[in-house]
Amino acid sequence: IRRASDIAIKAGADFIKTSTGKVQPAATEPAMLIMLNAIREHFETTGKMVGIKPAGGISDVEKALNYYLLTEEVLGNDWLHKDWFRIGASRLVDAVIEEAKKTG
């Protein structure tokens, strides 16, 4: 995972993505952490931001929040913007709407 992240980043990727979401396992927090560290080290060396997109298997609000908080912890608030952080999860919208209905 680290080698693939480094290759993509050095090749000029604007974003790196945890998986296609089409096969299991898809996004995992350990994989995401490896990728976030690659992005952080690249930024510390070059000053260039690279985005991250966890995708696959993120179907509830709690999982999405965990990826958001992990990104904040490793990369900081500057990455918590649509230009740098996106979640690839087609079922997540429905889960967010249901959660919002529960909490009012």
**Message:** Given the criteria at pLDDT below 95, basic (Lys, Arg) and under 14 Å from the mean Cα position of the chain (by Cα), does residue 91 qualify?
**Reply:** no
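Yes or no: residue 4 buried (at least 17 other Cβ atoms within 10 Å of the Cβ) and among the aliphatic types (A, V, I, L, M)?
Considered against the rule, which asks whether it is buried (at least 17 other Cβ atoms within 10 Å of the Cβ) and among the aliphatic types (A, V, I, L, M), residue 4 comes out as no.
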**Asked** Taking the stated definitions as given, is residue 58 in contact (Cβ under 8 Å) with a residue 12 or more places away in the chain, crowded, with 18+ Cβ neighbours inside 10 Å and not in a helix (DSSP H, G or I)?
**Response** yes
**Prompt:** When residue 88 is evaluated against the numbered criteria (1) touching a residue at least 12 places away in the same chain (Cβ under 8 Å); (2) out of contact with any strand residue (DSSP E or B) (no Cβ under 8 Å at 6 or more places or on another chain), which criterion, by number, is the only one it fails?
**Reply:** (2)
**Prompt:** Looking at this structure, is residue 22 basic (Lys, Arg), without any contact (Cβ under 8 Å) to a residue 60 or more places away in the chain, loosely packed, with under 12 Cβ neighbours inside 10 Å and in contact with a helix residue (DSSP H, G or I) (Cβ under 9 Å, 6 or more places away or on another chain)?
**Reply:** no
**Failed condition for residue 5, given (1) hydroxyl-bearing (Ser, Thr, Tyr); (2) part of a loop (DSSP other than H, G, I, E, B); (3) modelled with pLDDT of 90 or more** = (2)
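The values are calculated or read from the model by the stated rules, or taken from the named source; none is laboratory data. Worth saying up front: this structure is predicted, and the values here are computed from it rather than measured. No Cβ is skipped: glycine too gets one built from the backbone with ideal geometry, and neighbour counts run over all protein chains shown.
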